1. Once you put a point 7 Å from the Cα of Q66 and another 7 Å from the Cα of S9, both along the Cβ direction, what distance in nm separates them?
2. Would you work out the relative contact order for the stretch 52-143, in percent, from Cα pairs under 8 angstrom that are 6 or more residues apart?
3. Please give the charge dipole size of the chain, origin at the Cα centre, charges +1 on K and R Cβ atoms and -1 on D and E Cβ atoms. Round to the nearest 20 debye.
4. Collect residues whose amide H, placed 1.01 Å from N in the peptide plane, falls under 5 Å from the amide H of V143; neighbours closer than 5 in sequence don't count.
5. Name the long-range amide H neighbours of N233: under 5 Å, sequence gap of 5 or more, or other chain; modelled H, no Pro or chain starts.
6. If you average the alpha carbon positions of the stretch 252-296 and of the stretch 1-76, how far apart do those two centres end up, in angstrom?
7. Give me the percent of DSSP beta bridges within the chain that run antiparallel, rounded to the nearest 5.
8. What spacing in nm lies between the two simple spin-label points modelled at S52 and H115, each 7 Å away from Cα in the Cβ direction?
Amino acid sequence: MTLSPDAQSPVVQGFFDPATHTITYLVSDPATRQAAIIDPVLDYDPAAARTSTRSIDTVMAALKDQELTLAMVLETHAHADHLTAAHHLRETRGAPIGIGRDIAHVQSTFAPMFHADDVTPDGAAFDRLYADGDTFTLGELTVEVIHTPGHTPACVSYRIGDAVFVGDTLFMPDYGTARTDFPGGDARTLYRSIQRLLGLPDTTRMFVGHDYLPRGRIDFRFETTVGEQKAANVHIGGGVSEDAFVAMRQARDATLGAPQLILPSLQVNIRAGALPPPDANGRRSLVLPLNVLGAA
Ligand SMILES: [Fe+2]
């Protein structure tokens, strides 16, 4: 018997990365044990410029323990605060990497900044490019792609049965929403994307991409529901108007500095997590463009 998408319920495990406050999700179909990893983290020590797979190794150990099969890697967007381990999973496990098709715009913005001549601005660094409304299967589960731009132009959310993975759109109700001041970001667009997510059934389990402890909370959390967000999200709950949201979001964004890992993250993440090509000596290097980000 095939269940309707609303009646499907994936098994969801979140893995919190304390260095970047990112949650990587291991999502699986209980019937077939097929799994997806959403937003995997590649550890990066900026002082030593050294990468490590410690975080994703933990996720893969859990996958192995539960006898799951990795079917795919899903990215909600090109992250600016951590490097993605997607390419590592493609290399080591053969998993294809999916992302929103507007990643091409993000690549065309950032590839020149990083002299990333190997990156064609067409999404070809990824394996699957999703448009709004696309559906595909994970085992017997249906995955629906919802284009949710605003934080970046290419952000997507993945709805899998009674769960939705929203990346950096909404955070936990007591923290609010994502910043919209990166190139191609837009507060009004984010508001409209969030309204689409809040149009899902109230009982939909919502999994957020980051948690930063707001004042008054001592434990990290990353699961809420559409109903809780609608009622209580401090930025958008209780029917906040679009204009009020935009004014709040833009005022708050004006106070935010660049994320610590934005420069290494973007040049790796527009390559789906592949490191830049090696030079004649076999050495790979990141570039640090001066005076292009942050306030003058
Ligand atoms: Fe982000």
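The values are calculated or read from the model by the stated rules, or taken from the named source; none is laboratory data. It should be emphasised that the depicted structure is a prediction, and the values quoted were computed from it without experimental measurement. Here the Cβ positions follow ideal geometry from the backbone for every residue, glycine too, while neighbour counts run over all protein chains shown. Ligands, DNA and RNA are stripped out before the accessible areas are found, and what is left, the full protein with its side chains, is counted by its heavy atoms. Shrake-Rupley method; radii C 1.70, N 1.55, O 1.52, S 1.80 Å.
1. Label-label distance for Q66 and S9, simple model: 1.4 nm.
2. Contact order relative to length: 23 percent.
3. 340
4. Placed amide hydrogens put F136, T137, L138 under 5 Å from V143.
5. The answer is G238.
6. 24
7. 70
8. It works out to 3.0 nm between the two label points.
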